[in-house]
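Take a look at the structure set out below.
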Amino acid sequence: MKICIFGAGAIGGYMGAKLAQAGADVSLVARGPHLAAMKENGLRLIEEEGEVTVPVTASDNAADLGPQDYVIVTLKAHSVPPVVDKMQPLIGENTTIVSGVNGVPWWYFHKIGGDYEGTRLHSVDPGDAQWNGFGPDRVLGCVVYPAAEVIEPGVVKHIEGNRFSLGEPDGSKSDRAMALSKALASAGLKAPVRPKLRDEIWVKLWGNLSFNPISALTHATLDVLCTDGGTRAVARNMMLEAQEIAEKLGVKFPIDVDRRIDGGAAVGAHRTSMLQDLDMGRPMEIDALVGSVQELGRVTGTPTPTIDTVLALVQLRARVAGLYG
Ligand SMILES: NC(=O)C1=CN([C@@H]2O[C@H](COP(=O)(O)OP(=O)(O)OC[C@H]3O[C@@H](n4cnc5c(N)ncnc54)[C@H](OP(=O)(O)O)[C@@H]3O)[C@@H](O)[C@H]2O)C=CC1
Ligand SMILES: CC(C)(CO)C(=O)C(=O)O
């Protein structure tokens, strides 16, 4: 089984190192100093249990790697549409594309059934680049739970978690999903195949939708923004608006908003990825995490006053920092 991880930074590097360590036929697409370091010295993974350096096949050119059984995309959401063309050499007749990106996935309405079937999402797939360039039938969904960081070129620090939930857009336990699940499990990762991945997408998205922009606007860590009365209320209102949208789309939440916010607080003094991106001058995943939910509000005819307000503020915050178009 040939697996290529496209965008092998923090999450892709973590997954790639675990797969390589387990002897899988895995290759990595990365760029810049991080790629150069991995090619020269191998990929170093630091985990709580210890650290390991694994030799990896890595390139910035998909043509060097050729057609794959699985391409696991672990780019930031806004980085995917511009590289769809560059990814084509990795795609053969039976290639599965695994979308390991936070936010509402571009394939959300593929095989969902009902009135919304086939709806495209401009906020995450402008110009239908992924829908047309990959084709939705190739897609296997993934919710990424681990936290990791590239702490220096060629070095990934794993922080917590090892679950990558997988799910077919139609909810089936397909051979391709089961085979990837087994390969990831052999590498020491949890990769359950879920019949209702969209439910999991929303529980994760609840947090990213609200905590991430609030942290970028306030520079507060999760424990603080989830317990301060004012920001907790803002997060709660955003989540309730999102819940109304998701429930119209058939999602069932296994917990309520207060439990989700308490879960965020329990993570502790964590600076969300959007705050980290802002601080480091990197583009922020505003469209995938917040704009996409506003778009779904429009699609389902659901008012989103709090989401609209926070989105406008964080967009301007990012624009002023030169990090948003
Ligand atoms: N990190 C985390 O803890 C978590 C992340 N996620 C999600 O996972 C996804 C990936 O995040 P993360 O791993 O943090 O992101 P990273 O930025 O660490 O990884 C993406 C990598 O792809 C590289 N890249 C970008 N464009 C190209 C290109 N055209 N060709 C080759 N390489 C390219 C980037 O290089 P460069 O640095 O030069 O841009 C970077 O090394 C995101 O959607 C994120 O929200 C989900 C849960 C937790
Ligand atoms: C906020 C958190 C921990 C999840 O809600 C996260 O995933 C992030 O920092 O991007």
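Return P(r) of the chain (all Cα-Cα pairs; 20 Å bins starting at 0; whole %; ordered from short to long distances).
33, 61, 7
What share of the DSSP beta bridges in the chain is antiparallel, in percent to the nearest 5?
Percentage antiparallel, nearest 5: 35.
With +1 on the Cβ of every Lys and Arg and -1 on the Cβ of every Asp and Glu, and nothing else charged, how large is the dipole of region 125-243 about its Cα centre, in debye rounded to the nearest 20?
That gives a dipole near 400 debye.
In debye, nearest 20: dipole of region 157-225 around its Cα centre with unit charges on the Cβ of K, R (+) and D, E (-)?
That gives region 157-225 a dipole magnitude of about 220 debye.
Sorting check: for 189-197, 281-289, which peptide has the highest mean count of neighbouring beta carbons within 10 Å, and how do the rest follow?
281-289, 189-197
Over the chain, what is the relative contact order in whole percent, taking alpha-carbon pairs under 8 Å and six or more residues apart?
Dividing the mean separation by the residue count of the chain yields 15 percent.
Please report, in debye to the nearest 20, how large the charge dipole of the chain is about its Cα centre when each Lys and Arg carries +1 at its beta carbon and each Asp and Glu carries -1 there.
120
Calculated FRET efficiency, D85 and D223, Cβ-Cβ r, R0 45 Å, to nearest 0.05?
The formula returns an efficiency of 0.60 here.
Checking a compactness column here: for region 116-159, what do you get for Rg(Cα) / (2.2 N^0.38 Å), N being the number of residues?
1.71
In deg cm²/dmol and to the nearest 500, what is the mean residue ellipticity at 222 nm of the chain if only DSSP H runs of at least 4 residues count, each as -39500 (n - 2.57), divided by the residue total?
Per the formula, -12500 deg cm²/dmol.
Taking the Cα atoms only, what angle lies between the long axis of helix 257-267 and the longest principal axis of the chain, rounded to 10 degrees?
50
Residue farthest toward the positive end of the dipole of region 172-252, with Cβ of Lys/Arg at +1 and Asp/Glu at -1: which of P213, A183, I245?
Checked the options; the winner is A183.
Arrange the peptides 29-35, 267-273, 4-10 so that the one whose residues have, on average, the most other Cβ atoms within 10 Å appears first.
With the highest mean Cβ count within 10 Å placed first, the list reads 4-10, 29-35, 267-273.
For region 1-138, what's the radius of gyration and Dmax over Cα atoms, in angstrom?
Answer for region 1-138, Rg first and Dmax second: 15.7, 52 Å.
Once both axes come from the Cα atoms, what is the angle between helix 32-41 and the longest principal axis of the chain, in degrees from 0 to 90, rounded to 10?
It works out to around 40 degrees.
Counting DSSP beta bridges in region 2-195, what percent are antiparallel, to the nearest 5?
So the antiparallel bridges in region 2-195 amount to around 35 percent.
Quick one: Karplus J couplings for region 294-308, per residue in order, coefficients 6.51, -1.76, 1.60, θ = phi - 60°, nearest Hz, x for Gly and Pro?
Using θ = phi - 60°, the values come out as 4, 4, 5, x, 5, 4, 9, x, 10, x, 9, x, 6, 4, 4 Hz.
Using only Cα atoms, find the angle between the long axis of helix 197-218 and the longest principal axis of the chain, and express it within 0 to 90 degrees, rounded to the nearest 10.
Long axis of 197-218 versus the principal axis of the chain: about 70 degrees.
Starting from 0.36 nm per residue, how many nanometres of slack lie between S172 and T309 once their C-alpha separation is accounted for?
This chain segment gains 45.5 nm when fully extended.
Would you look at the GNM of the chain, springs on alpha carbons closer than 10 Å, and say which of R259, R232, R163 moves the most?
With Cα springs under 10 Å in the chain, the top fluctuation among R259, R232, R163 is at R259.
Here is the link list: K157/K204; K86/K157; K204/K252; K111/K196. Which ones come out longer than 19 Å on Cα distance?
Pairs exceeding 19 Å: K157/K204; K86/K157.
Throughout, read-outs are computed from the coordinates displayed, never taken from laboratory work. Quick caveat, the model's predicted, so the values are computed rather than measured. All Cβ positions, glycine included, derive from the backbone under ideal geometry; neighbour counts span all protein chains shown.
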